[in-house]
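Take this structure, written in structure tokens, and hold onto it; I'll ask about it next.
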Amino acid sequence: MAADSEPESEVFEITDFTTASEWERFISKVEEVLNDWKLIGNSLGKPLEKGIFTSGIWEEKSDEVSFADFKFSITHHYLVQESSDKEGKDELLEDVIPQSMQDLLCMNNDFPPRAHCLVRWYGLREFVVIAPAANSDAVLSESKCNLLLSSVSIALGNTGCQVPLFVQIHHKWRRMYVGECQGPGVRTDFEMVHLRKVPNQYTHLSGLLDIFKSKIGCPLTPLPPVSIAIRFTYVLQDWQQYFWPQQPPDIDALVGGEVGGLEFGKLPFGACEDPISELHLAATWPHLTEGIIVDNDVYSDLDPIQAPHWSVRVRKTDNPQCLLGDFVTEFFKICRRKESTDEILGRSTFEEEGREIADITHALSKLTEPAPVPIHKLSVSNMVHTAKKKIRKHRGVEESPLNNEVLNTILLFLFPDAASEKPLDGTSLTDNNNPPSESEEYNLYNQFKSAPSDSLTYKLALCLCMINFYHGGLKGVAHLWQEFVLEMRFRWENNFLIPGLTSGPPDLRCCLLHQKLQMLNCCIERKKARDEGRKTSSSDNVTNTYSWDAGKAGDQLGPDKLKDTDKEKGEVGKSWDSWSDSEEEFFECLSDTEELKANGQESGKKGGLKEMANLKPEGRLRQHGKLTLLHNGEPLYIPVTQEPAPMTEDLLEEQSEVLAKLGTSAEGAHLRARMQSACLLSDMESFKAANPGCFLEDFVRWYSPRDYIEEEVIDEKGNVVLKGELSARMKIPSNMWVEAWETAKPIPARRQRRLFDDTREAEKVLHYLAIQKPADLARHLLPCVIHAALLKVKEEENLENISSVKKIIKQIISHSSKVLHFPNPEDKKLEEIIHQITNVEAIIARARSLKAKFGTEKCEQEEEKEDLERFVSCLLEQPEVLVIGAGRGHAGRIIHKLFVNAQRLTESSDEAAAMAPPEEELKRMGSPEERRQNSVSDFPAPAGRELILRTTVPRPAPYSRALPQRMYSVLTKEDFRLAGAFSSDTSFF
């Protein structure tokens, strides 16, 4: 048994030839993909329209196939077209050659300006490419190339697919493709040659015709005519300086408030270099036949002036340096600096001069000194001198980042009231209080959370931007900020209102820095009114001019809004004029309080009603319509009340955090209600003082009418009368309103404790400003700078009227409003916005550059000017523009002059002649024929030569079907490529 089993054990391997090999699996997978994409059979589309390869929509599908462990990507590229009605009939016709073979002869899209390379070389509307999946992979050996080509051929034959299928070989940068297309009894082979050095015999038409004819190998003696399309591309690089309109900024200029050739508050605009680097002129001969022209190594008929078609494209400078973009970018860089102002400039310059005095008696003596009389006229030179004196203690004068002249200019720009002769009073806010218009541009600050374009904050942002770019960089910014903070303190201490800020509470739609300055202005207003100690009588005279029916408004407004609206309409800016904390009023307050205590009058107790009714009413603003007090029938008067304390957004956030931390317990809720009722208590006291003998019901009828419910009832006599009572929430025992009413005393607003401590709030604002680092400052003001940059871009765009730029600006505004509304926007998003603004600036600069080069403003005839402007706008938006009239049209003549001028400069050694205008040079040199005889060329050697040769001949035998043949050739300085599509008959050969 053992002997018999030994031979059997040796037969351990059986080759099964029925199993699929890797090669067969690869072919099968390719066939599967072609079937999935429904690329089987012949489907003829409509004839190709002119320019459809550029204007049409190209789409692609991709999949992955593997040959063993080597991965390929298979991609279907196709032009989206409407399906033809004849599609079903065409599929029945067996003799129709594939669509791609017909496209080889189509002349409507010979040199598309923007398309896939295979589209340009072969004129195909649909094709499939198999390429190595990884960029680093490449099919290099000839055997592998042939294996792939065989696979393609088998897959096309098995599926009946009539779409050309290409295989990418060699390294990807070489763009080498071989492929095949099969139809019923026909086949087209796509072949390619790519060389670095060009053989001399192939640099002209006659040599290329020889290659084409030998490749076709047509047996017919009179060869059918070969159709030829030729394109020569000429490159113009040497632009003349006078064609670039942007004037370089003069950094040393400082005349009449101008720095860097610019006024403070105006942003620069434009590219520092020509944003158009090259102009490419393509001279095309679309329909030529062999024998019409001569082009060999000795002579050529191909003169670009005589070319029937000219088309132009411009090459843009990559990331040209733009002034506005640089300004904003440099300012944005400050946001990443971490140094404080003191670290940048040395020791603190905010030290008080009193620190130099060691003797404490001096400090005590200052308490007894009379207060200095405020100086009504601000002196910029004095302010600068004081600040400089402080800085000199730690730093030499020559080390100051900003000199006096620049600093004076900036401060006068920011504070124009400093130069005025008139004393500043309560109405001294600049006419910026009234917005210039409610236009979309002006209201941009709402979207960006920046500041109005006429405000001090906005101007400060522009000045800091200018200083950062032209004067001292970061040190200059820190220096100007110190001067600004010193100016703010000076204005606070001397009761000078800050110009360029709208009156009223801080506008929460603006940036925090703007809110802080508005808060400081509110403090100055309150302090100024208090210090001047205006008499109540004068205030009353003014308030008598107001008339407003609060009863009617109360029916329309909610309970909580009535009082605020009432106050706003009736006594904005008047309540604080009517009271004062001066010494005279202070003593009156003491005597009244003592009198109240002596009489034992407490407003909350009913026992004291008679005494309360005998009190002299105080602090009345006006009568409230026809309302009367419920118990004594006296008219109900609206009191003068304290305005609620203005709040900036950080204070509001801080307050909400404190209230939230109190928790949800009963004690916490009670404490929270007490904290929030300070304003309510003040208003109750004012109401009691204005209406002696009043009750809580009277107060509620004015303050929150909806909490006083009136019903019609029938009295004892049968008459219908109105009976009112407090709402349910007011009747809750020990509620906040009842408690506040009981504790409130009849004290007019002018004698109450201030709800808004302007001194404390002003010091908080000044401290906040003083501790800001330049980085923090830049973060606060960046929305203003972006806002200003966009306004500048819109202004410049209006001059040029470029439709595409209008759309981009709208997109930037929409994007910026989303980003800037967040408290701390990400740096990447901010950089993206700045980059978009720079791109728009570059587009506008390109438009101006092209207009200057083509002289659109110099055109005398209106029609020619419109044509030129249309041509220039097309150059910006389209990849390639056809020149109407070619070299003989208006634009063509200008392009010709540009090339002649550039040629003259390169060929002529005479500099004087080089500066002559191109028109004189053309006259001097005569006609193009004369210049050619003088061997002076108007154009340089073509940078690129493209030729397409086409014919229809029977291949491979004389009796074969006549099929399309095509060869494309491109010749550049360092590249030579031949791409041939040669069809043959597979039935009759």
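Given the options GLU862, GLU919, GLU907, name the one that is within 23 Å of GLU800 (Cα to Cα), open to solvent by 50 Å² or more (accessible area, probe 1.4 Å) and at pLDDT below 85.
Going through GLU862, GLU919, GLU907 in turn, just one is within 23 Å of GLU800 (Cα to Cα), open to solvent by 50 Å² or more (accessible area, probe 1.4 Å) and at pLDDT below 85: GLU862.
Conditions first: (1) open to solvent by 60 Å² or more (accessible area, probe 1.4 Å); (2) without any contact (Cβ under 8 Å) to a residue 24 or more places away in the chain. MET176 passes all but one, so which condition is the exception?
(1)
Sticking with this one: Considering only residues that are of a type in the set (A, V, I, L, M, F, W, C), open to solvent by 30 Å² or more (accessible area, probe 1.4 Å) and either in contact with a helix residue (DSSP H, G or I) (Cβ under 7 Å, 6 or more places away or on another chain) or without any contact (Cβ under 8 Å) to a residue 12 or more places away in the chain (or both), which ones fall in region 98-131?
ALA115 - this is the single residue of region 98-131 that is of a type in the set (A, V, I, L, M, F, W, C), open to solvent by 30 Å² or more (accessible area, probe 1.4 Å) and either in contact with a helix residue (DSSP H, G or I) (Cβ under 7 Å, 6 or more places away or on another chain) or without any contact (Cβ under 8 Å) to a residue 12 or more places away in the chain (or both).
Kindly establish whether ASP318 is within 25 Å of ARG893 (Cα to Cα) and not in a strand (DSSP E or B).
no
Here is a follow-up. Looking for something at pLDDT 90 or above, over 51 Å from the mean Cα position of the chain (by Cα), open to solvent by less than 40 Å² (accessible area, probe 1.4 Å) and not β-branched (Val, Ile, Thr) - is there at least one such residue anywhere in region 212-224?
Looking through region 212-224, at least one residue is at pLDDT 90 or above, over 51 Å from the mean Cα position of the chain (by Cα), open to solvent by less than 40 Å² (accessible area, probe 1.4 Å) and not β-branched (Val, Ile, Thr).
Consider region 942-981. How many of its residues are in contact with a Ser or Thr (Cβ under 9 Å, 6 or more places away or on another chain) and among the aromatic types (Phe, Trp, Tyr)?
Qualifying residue count, region 942-981: 1.
Where residues in region 489-502 are of a type outside the set (Lys, Arg) and out of contact with any helix residue (DSSP H, G or I) (no Cβ under 6 Å at 6 or more places or on another chain), which of them is surrounded by the most Cβ atoms within 10 Å (Cβ to Cβ)? Before the answer, list the steps.
Applying the first criterion (of a type outside the set (Lys, Arg)) to region 489-502 yields 490, 492-502.
Now restrict to residues that are out of contact with any helix residue (DSSP H, G or I) (no Cβ under 6 Å at 6 or more places or on another chain): 490, 493-494, 496.
Working: PHE490: 15, GLU493: 14, ASN494: 15, PHE496: 22.
Top of the filtered list is PHE496.
Another one. Within region 513-525, count every residue that is farther than 11 Å from LEU769 by Cα and open to solvent by 10 Å² or more (accessible area, probe 1.4 Å).
2
Within region 770-780, track down each residue that is in contact with a Phe, Trp or Tyr (Cβ under 8 Å, 6 or more places away or on another chain) and in a helix (DSSP H, G or I).
Result: ALA770, PRO774, LEU777, ALA778.
Would you confirm whether or not region 184-202 contains a residue that is among the basic types (Lys, Arg), in a strand (DSSP E or B) and within 28 Å of GLN99 (Cβ to Cβ)?
Within region 184-202, one or more residues are among the basic types (Lys, Arg), in a strand (DSSP E or B) and within 28 Å of GLN99 (Cβ to Cβ).
Can LEU474 be described as at pLDDT below 90, surrounded by 18 or more Cβ atoms within 10 Å (Cβ to Cβ) and more than 25 Å from GLU796 (Cβ to Cβ)?
yes
OK, next. Going through GLU763, GLU685 one at a time, which residue ends up being part of a helix (DSSP H, G or I), without any contact (Cβ under 8 Å) to a residue 60 or more places away in the chain, open to solvent by 20 Å² or more (accessible area, probe 1.4 Å) and not hydrophobic (A, V, I, L, M, F, W, C)?
Checking each option against the conditions leaves just GLU763.
A follow-up question, please. Restricting to region 770-798, name every residue that is of a type in the set (Lys, Arg) and within 17 Å of LYS459 (Cα to Cα).
The answer is ARG779, LYS792.
Additional query: Restrict the check to region 191-210 and report whether at least one residue is without any contact (Cβ under 8 Å) to a residue 60 or more places away in the chain and basic (Lys, Arg).
Looking for residues that are without any contact (Cβ under 8 Å) to a residue 60 or more places away in the chain and basic (Lys, Arg), one finds none in region 191-210, hence no.
To keep it simple, each residue is scored yes or no on (1) without any contact (Cβ under 8 Å) to a residue 40 or more places away in the chain; (2) exposed (fewer than 12 other Cβ atoms within 10 Å of the Cβ); (3) not polar (S, T, N, Q).
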| site | (1), (2), (3) |
| --- | --- |
| LEU790 | no, no, yes |
| GLU797 | no, no, yes |
| GLU800 | no, no, yes |
| ILE808 | yes, no, yes |
| ASP827 | no, yes, yes |
| LEU830 | no, no, yes |
| ASN839 | yes, no, no |
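For region 270-325, which residues satisfy the criterion of being within 22 Å of the chain's Cα centre (by Cα) and β-branched (Val, Ile, Thr)?
THR317
The values are calculated or read from the model by the stated rules, or taken from the named source; none is laboratory data. Keep in mind the model is a prediction, meaning the values are calculated, not measured. As a convention, Cβ positions derive from the backbone with ideal geometry for all residues, glycine included, and neighbour counts pool all protein chains shown. For accessibility, only protein heavy atoms count, side chains too; no ligands or nucleic acids. Shrake-Rupley method; radii C 1.70, N 1.55, O 1.52, S 1.80 Å.
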